[in-house]
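The values are calculated or read from the model by the stated rules, or taken from the named source; none is laboratory data. This is a predicted model, so every value here is computed, not measured. Heads up, the Cβs are rebuilt from the backbone with ideal geometry, glycines too, and the neighbour counts pull from every protein chain shown. What goes into the accessible areas is simple: the full protein's heavy atoms, side chains included, and nothing from ligands, DNA or RNA. Shrake-Rupley method; radii C 1.70, N 1.55, O 1.52, S 1.80 Å.
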Amino acid sequence: MDISIIIPLYNEEESLPELHAWIDRVMNAHGFSYEIIFVNDGSTDHSWDVIEELKKEHDEVKGIKFRRNYGKSPALYCGFKRAKGDVVITMDADLQDSPDEIPELYRMITEDKYDLVSGYKKKRYDPLSKTIPTKLFNATARKVSGIKNLHDFNCGLKAYRKEVIKNIEVYGEMHRYIPYLAKNAGFDKIGEKVVHHQARKYGKTKFGLDRFVNGYLDLITLWFLSRFGRKPMHIFGLTGSLMFFIGFIAVLVVGFGKLYQMYAGLPYRLVTDNPWFYIALTMMILGSQFFLAGFVGELISRSSEDRNNYQIEKEI
């Protein structure tokens, strides 16, 4: 099979027939063999009824229905597990992503040999309340991930080699960082294509400002796991050792300072009356706790089942 198209959706009953007809028209025009996997993420409207009707009339239509709303990442995860196409396309169900982009995305994967191609909605039809935070978010994601050529990490329209989606795990709300997940898994040939963005035709946006807060927290988590997930002692142990060493030196300075004052016959005060003593003691305690956290992290990492799960591309 040439292409698997995965479409997560939530309350998009009006757009589904039009979207399917559009995809079908493009696929038939280019002679692709394909499947469409609709993932109904706990919709409260008649979206699933529409999917069932489409399935009755079209063999290429497949559907997954969640009992409740889990989010886009779980929807993509389940779609990825079921996908059989050599190239996998993800797109939103609100008709803001154009199926006319699919042939070129397919070509970039199969001929240009990209592992992943992300869409870039250079000209958007969204309000400023969405576009400005999006620009800031993408600038931060480029800096942290090191993927300098991507301008729109969160674009729903992406294309993947089948091997990519079978070797990454999309969880929580990590769908925003699939290119980063792919890079961490060793798939570093990541490209971008400027795609057409259309204004929403039906329904209402599911956009909320809270996703930017969650997005930054997820980005920090992903960066930390990619750098220190298998070697937590390298960050916690180093930080703890430095804090303990600085605290210990400070205690020595305070202690020897008092001894010198006593020896020289100078006025002195109790060590416990010196605020620097408590600051130094706190540094030593925190340093010990950081070191122990790194040690416990190493024990957990070594007992993990996937501690030696490495991405092997070829064997001969």
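Structure notes:
- Take the Cα of ASP86, step 7 Å toward its Cβ, do the same at ALA139, and the gap between the two points is 4.2 nm.
- Using a probe radius of 1.4 angstrom, the carbon and sulfur fraction of the accessible surface of the stretch 1-102 is 45%.
- VAL253 versus ILE132: modelled label distance in nm, points set 7 Å from Cα along the beta carbon direction: 4.5
- Across the stretch 186-197, computed HN-Hα scalar couplings (Karplus, 6.51 cos²θ - 1.76 cosθ + 1.60, θ = phi - 60°) run x, 9, 9, 8, 10, x, 9, 9, 5, 10, 7, 10 Hz from first to last residue, x flagging Gly and Pro.
- Amide H to amide H distances under 5 Å link PHE187 with no residue, where only residues 5 or more positions off or on other chains count and H is placed in the peptide plane.
- Tilt relative to the chain, helix 275-303 - C-alpha long axis, 0 to 90 degrees, to 10: 40
- Computed helical MRE - 222 nm, the chain, DSSP H runs ≥ 4 contributing -39500 (n - 2.57), nearest 500: -16000 deg cm²/dmol
- Our coupling estimate for the stretch 245-256, obtained by passing each phi through the Karplus curve with A = 6.51, B = -1.76, C = 1.60 and θ = phi - 60°, is 5, 4, x, 5, 4, 5, 5, 4, 4, 5, x, 5 Hz, Gly and Pro reported as x.
- Around the amide H of VAL194, modelled in the peptide plane, lie the amide H atoms of TYR120, all under 5 Å away and 5 or more residues distant in sequence or on another chain.
- Projected label distance in nm at LEU238 and GLU18, using a 7 Å step from Cα toward the beta-carbon: 5.4
- Folded to 0 to 90 degrees: helix 210-228 orientation relative to the chain principal axis, Cα: 60
- For the chain, the solvent-accessible area of protein heavy atoms averages 56 Å² per residue (probe radius 1.4 Å; ligands and nucleic acids excluded).
- Backbone amide hydrogens, once placed in the peptide plane, bring VAL39 within less than 5 Å of ILE7, LEU9, ILE64, excluding anything fewer than 5 places away on its chain.
- Backbone phi angles across the stretch 144-151, fed through the Karplus curve with coefficients 6.51, -1.76 and 1.60 (θ = phi - 60°), yield HN-Hα couplings of 6, 7, x, 8, 6, 8, 9, 9 Hz in residue order; Gly and Pro are listed as x.
- Here r is the Cβ-Cβ distance between HIS196 and GLN261 and R0 is 51 Å; the resulting FRET efficiency, rounded to 0.05, is 0.10.
- Comparing VAL170, VAL213, VAL61 in a Gaussian network model of the chain (Cα springs below 10 Å), the most mobile by mean-square fluctuation is VAL213.
- As a length-normalised measure over Cα pairs under 8 Å and 6 or more apart, the relative contact order of the chain settles at 17 percent.
- Total formal charge among the other residues, if their Cβ is under 10 angstrom from that of SER118, Lys/Arg +1 and Asp/Glu -1: 0
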